[in-house]
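Written out below as structure tokens is the structure these notes cover.
The values are calculated or read from the model by the stated rules, or taken from the named source; none is laboratory data. Bear in mind that the values here come from a model prediction, so they are computed numbers and not experimental data. Counting neighbours? That spans all protein chains shown, and the Cβs are built from the backbone with ideal geometry, glycine included. Surface areas here come from the heavy atoms of the whole protein model, side chains and all, with no ligands, DNA or RNA. Shrake-Rupley method; radii C 1.70, N 1.55, O 1.52, S 1.80 Å.
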Amino acid sequence: MEHQLAKPNYALAKRQRDLAKKQKKEAKRQRKSESEQAAAAPDADPPTSDKKGDS
């Protein structure tokens, strides 16, 4: 009786790699959109460093 080694499931490994890549890409996209929103937020508000009582 001869034992055979289990064959690697390349399709499963590829699918897992693709899913991991997709998750990483989505996380990067979210971080990028959050940083763009944070950068745009100060531009939306007028600067308040102008004090009228200091003149």
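A few comments on the model shown:
- Within the range 1-24, considering residues that are in a helix (DSSP H, G or I) and loosely packed, with under 10 Cβ neighbours inside 10 Å, the one nearest to the chain's Cα centre (by Cα): Leu12
- With respect to the conditions (1) open to solvent by less than 100 Å² (accessible area, probe 1.4 Å); (2) modelled with pLDDT of 90 or more; (3) not in a loop (DSSP other than H, G, I, E, B), Ala38 falls short on a single one, namely (2).
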